[in-house]
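Chemist: Before anything else, here's the structure in question.
Taken together, the values in this text are just the output of simple stated rules run on the coordinates, not laboratory data. None of these values were measured; they are calculated from a predicted model. Because the Cβ atoms are built from the backbone with ideal geometry, glycine has one as well, and the counts that use them run over all protein chains shown.
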Amino acid sequence: MQPPAAPDHPPSAEPAPAPPGVKLRLANVSKVFRNNEQTIEALAPVSLEIREGEFVVLFGPSGCGKSTLLNLIAGFDAPTTGEITLEGRRVRRPGNDRLMMFQEHALFPWLNVLDNVTYGLRWLPNFRFHPLRRRRRAMELLKLVRLDEFAHASIHELSGGMKQRAALARALAPDPKLLLIDEPFPALDALVRAKLYGELQDILVRTRKTIVSVTHDSREAACLGDRVVVFTKRPGRIKAEIKVDMPRPRDINAAAVTAYAAQIAAQLEEEPRENDDGKRD
Amino acid sequence: MRTTTEKGTKRYVAGFYLLLLGGWQTLFSLQLIPDYLFPSPLQVGERLWELGRDGLLWPSVSATLMRMTIGFSAAAGLGLVVGVVMGMNHVLNQCLRSLFLGLQTLPTAAWVPISLLLFGLSDRGIYFVIVMSSVAAVAIATSDGILHIPPLHLRAARTLGTPGYAMPLRVILPAALPGIVTGVKLGWTLGWHGAVSAELIKSSVGLGYLLYMGRELNDVAQVLGIMMLTILFGLLLDRFLFGQIERRIRTRWGLTSQS
Ligand SMILES: Nc1ncnc2c1ncn2[C@@H]1O[C@H](COP(=O)(O)OP(=O)(O)OP(=O)(O)O)[C@@H](O)[C@H]1O
Ligand SMILES: [Mg+2]
């Protein structure tokens, strides 16, 4: 089968002045980890602009620094060089304007489903002293992910897929400017995943969130992304960007998704095998 | 190993205790030891019933439980606060942990003489022994619980915008709860040891006091009876109160395989 012709999009190299509509801007962001004797260059300088409402997928081999980059954007860690700005403001620490969804669900077991979703609202000025308003907002989100019947269930009573949906509701509740997703649904079986991809897109179309997500599954990247940014091996640098031009919602098993996935995966295979001079992965 | 049903296991346990009582009674019937040194289970039961009838038993049971409630509440509160501070400050943790581990090697009864010197024969001395017996266990378990919080929970709390001042109560304490209840359970047992030890010497009411009286009166039946009651109450609270809470928390936190 012939892969659909994707518009050629050269990797962005040097930072240009931000055009309007740019939500998140990475300018020469790199990360070097220094232990006692070892220094690990996890991420080579990366420049990237993400527009309002865009779903960008970071795709690359294991250990290329995808999670590292997401952590920098979330503010858990400071970049070694470069600058990250969200709506022109420099990112310095974690905050609920850039909510992160983790590989595991990370729901709080001491709270029930509803209280998990209201938790993040507590710290917003609009909701600070309005428990009823928090509750109403949380119930809206739980309806959106179809968990309203489980509002008062404990976390351990939910299935894996339900936990991920609850985590999504919790992350969407404070209406973050940016949603960061590290490997959306890794520990789920294929059927549940396929269903969740459909739901996730459905929700995203409705909420128009700006999203940066990480994956090493090319099919997932093709299914979810408006734009897929392909990284090289460690130290990760941007190798290519692929625009995925398909209407949503996309079925993960559709032929067009398969074609895009092949195109994305091909970017990795073209990579020449370098000498890894004994660096551990 | 073959798994037995919950009900079947309970039956075996009940049978074991019946066998134990039967063995005791048989040993008594053989008359190998004179009966003023080795009473039968029936005599022990009878003695306890007499104590109850004469109004000596219940005031002592309630006095010991009351002292434990007060003393252990203080110990748990103190241990919790110290444990949280330890869990959040590495240097303090290293210092206090070694101190507490050292103190924990001390038998709880060893706190009685110093409490006598400091507080005389007052109830405050008993509280002192309870607190000193159990506070270290609670503090260490709390700090361990905090140090073993999954980093994921802390990161989730931060990305959700939790301000620093709200972290201890909203996140750190609840996340550390499984470790904390284990410490509280252990602390309760140690405090119970301490309370009864202290009452042996410096009280006019309480389970320890009744033990002491039994010895003074050469009443082996009373001594054995009170020992059994002490075990019973210790077990009841440990197993059925704290054990129940612990199990529920571990299930909810997803720390047990079976629900
Ligand atoms: N805190 C740290 N200290 C030292 N090295 C680190 C640290 N975090 C990550 N690294 C290193 O940085 C590199 C990139 O790690 P990262 O977790 O970002 O990879 P990844 O692309 O997310 O991989 P995967 O797809 O397997 O999750 C790895 O080689 C890793 O060993
Ligand atoms: Mg990763």
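Chemist: Please report, in cubic angstrom per residue, the volume enclosed by the convex hull of the alpha-carbon atoms of region B:35-252.
Modeler: About 136 Å³ per residue, rounded to a whole number.
Chemist: May I pose another question? If a helix is a whole DSSP H run, which ones in chain B reach 15 Å or further along their own axis (Cα) and hold a mean Kyte-Doolittle hydropathy of at least 0.0?
Modeler: TM-like helix candidates: B:6-29, B:57-88, B:90-104, B:123-147, B:173-202, B:220-235.
Chemist: Taking only the C-alpha atoms, wrap a convex hull around chain A and report its volume per residue in Å³ as a whole number.
Modeler: 151 Å³
Chemist: Next question, about the same structure. What number, rounded to the nearest 500 deg cm²/dmol, is the helix-based mean residue ellipticity at 222 nm of chain B, given -39500 (n - 2.57) per DSSP H run of at least four residues and division by all its residues?
Modeler: For chain B, the value works out to -25000 deg cm²/dmol.
Chemist: Report the relative contact order of region B:39-145, percent, no decimals, based on alpha-carbon pairs under 8 angstrom and at least 6 residues apart.
Modeler: Relative CO of region B:39-145 lands at 40 percent.
Chemist: May I pose another question? What is the helix-to-structure angle for A:190-207, meaning the angle in degrees between its Cα long axis and the longest Cα principal axis of chain A, kept from 0 to 90 and rounded to the nearest 10?
Modeler: 80 degrees
Chemist: Skipping prolines and chain starts, which residues have an amide H placed within reach, meaning under 5 Å, of the one on residue A:240, given they are 5 or more residues away or on another chain?
Modeler: A:230
Chemist: Structure shown: which of A:31/A:209; A:31/A:233; A:163/A:233; A:143/A:243 lie over 22 Å apart, alpha-carbon to alpha-carbon?
Modeler: On the way: A:31/A:209 27 Å; A:31/A:233 14 Å; A:163/A:233 32 Å; A:143/A:243 32 Å.
Check vs 22 Å cut-off fails for A:31/A:209; A:163/A:233; A:143/A:243.
Chemist: Which value in deg cm²/dmol, rounded to the nearest 500, describes the helix-derived mean residue ellipticity at 222 nm for chain A, given -39,500 (n - 2.57) per DSSP H run of n ≥ 4 and division by the residue count?
Modeler: The per-residue figure over chain A is -9000 deg cm²/dmol.
Chemist: Thinking of region B:143-256 as a set of Cα atoms, what percent of all their pairs are more than 24 Å apart?
Modeler: Considering region B:143-256, 48 percent of its Cα-Cα pairs are separated by more than 24 Å.
Chemist: Select from region B:1-63 those chymotrypsin sites (Phe, Trp or Tyr not before Pro) which occupy a DSSP coil region and have at most 15 other Cβ atoms within 10 Å, ordered by residue number.
Modeler: Working: sites: B:12, B:16, B:17, B:24, B:28, B:36, B:49; in loops: B:36.
Answer in residue order: B:36.
Chemist: For the residues B:134, B:73, A:213, A:159, what sequence is obtained by ranking on other C-beta atoms within 10 Å, fewest first?
Modeler: Starting with the residue having the fewest Cβ neighbours, the order is A:159, B:73, A:213, B:134.
Chemist: Using only alpha carbons, build the gyration tensor for region A:13-137 and give me the equivalent ellipsoid semi-axes, biggest first, whole Å.
Modeler: 31, 20, 13
Chemist: Taking the alpha-carbon distance from residue A:177 and a cut-off under 13 Å, which aspartates and glutamates remain once sequence neighbours fewer than 8 residues away in the same chain are dropped?
Modeler: Residue A:177 reaches A:52, A:54, A:87, A:97.
Chemist: Could you compute how fast region A:73-182 diffuses translationally, taking Rh as the Kirkwood radius over C-alpha pairs and applying Stokes-Einstein at 37 °C with viscosity 0.692 mPa s? Give it in µm² per second.
Modeler: Working: Rh = 14.6 Å.
D, rounded to a whole number, is 224 µm²/s.
Chemist: Also: Where does helix A:255-269 land angle-wise versus the long Cα axis of chain A, in degrees 0 to 90, nearest 10?
Modeler: The two axes meet at around 50 degrees.
Chemist: Over the Cα atoms of region B:1-93, each weighted equally, I'd like the Debye log10 I(q)/I(0) at q = 0.13, 0.19, 0.21 Å⁻¹, rounded to two decimals.
Modeler: The calculated log intensity ratios at q = 0.13, 0.19, 0.21 Å⁻¹ are -0.85, -0.95, -1.00.
Chemist: GNM on chain B, C-alpha springs below 10 Å: top fluctuator among B:178, B:151, B:107?
Modeler: Largest GNM mean-square fluctuation: B:151.
Chemist: Can you sort A:196, A:69 from fewest to most other Cβ atoms within 10 Å of each residue's own Cβ?
Modeler: Ordered from fewest to most neighbouring Cβ atoms within 10 Å, A:196, A:69 come out as A:196, A:69.
Chemist: Sort A:154, B:115, B:62 so that the residue with the fewest other Cβ atoms within 10 Å of its own Cβ comes first and the one with the most comes last.
Modeler: Ranking A:154, B:115, B:62 by Cβ neighbours within 10 Å, fewest first, gives B:62, A:154, B:115.
Chemist: Give me the base-10 log of I(q)/I(0) for the protein assembly as shown at each q in 0.12 Å⁻¹, Debye formula, one uniform scatterer per Cα, rounded to two decimals.
Modeler: Reported log10 I(q)/I(0), two decimals: -1.13.
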